[in-house]
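Data block below; observations after.
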Amino acid sequence: MTFVRTRLALDRLAPGETLRVRLKGDEPLRNVPRTATEQGHQVLAQETDADGISTVLIRRGD
């Protein structure tokens, strides 16, 4: 479900724009970057803070 929301947000962006996604848990952290890459987007950065919240920066592909 998390990637569905991410994909909807990416669809609203113009190619080349970036989206910052905050994720909680291991499964979304594995699935969102992998699926974004599979769909032609670029993962620019990924980091997890001390609270366990991960931030992923995704650039929309063409």
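The table that follows gives values for the structure above.
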item	result
Pair list, Cβ < 7 Å and 6+ apart or interchain, from the stretch 2-13 residues that are without any contact (Cβ under 8 Å) to a residue 24 or more places away in the chain and on the phi > 0 side of the Ramachandran plot to residues that are open to solvent by 80 Å² or more (accessible area, probe 1.4 Å) and among the polar types (S, T, N, Q)	none
Subset of the stretch 8-58 (residues that are assigned to a strand (DSSP E or B) and open to solvent by 90 Å² or more (accessible area, probe 1.4 Å))	Arg20, Arg22, Lys24, Gln42, Gln46, Glu47
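The values are calculated or read from the model by the stated rules, or taken from the named source; none is laboratory data. Being a predicted model, the structure only gives us computed values, none of them experimental. With ideal geometry, Cβ positions are generated from the backbone for all residues, glycine too; neighbour counts draw on all protein chains shown. Heads up: the accessible areas ignore ligands, DNA and RNA and are worked out on the full protein's heavy atoms, side chains in. Shrake-Rupley method; radii C 1.70, N 1.55, O 1.52, S 1.80 Å.
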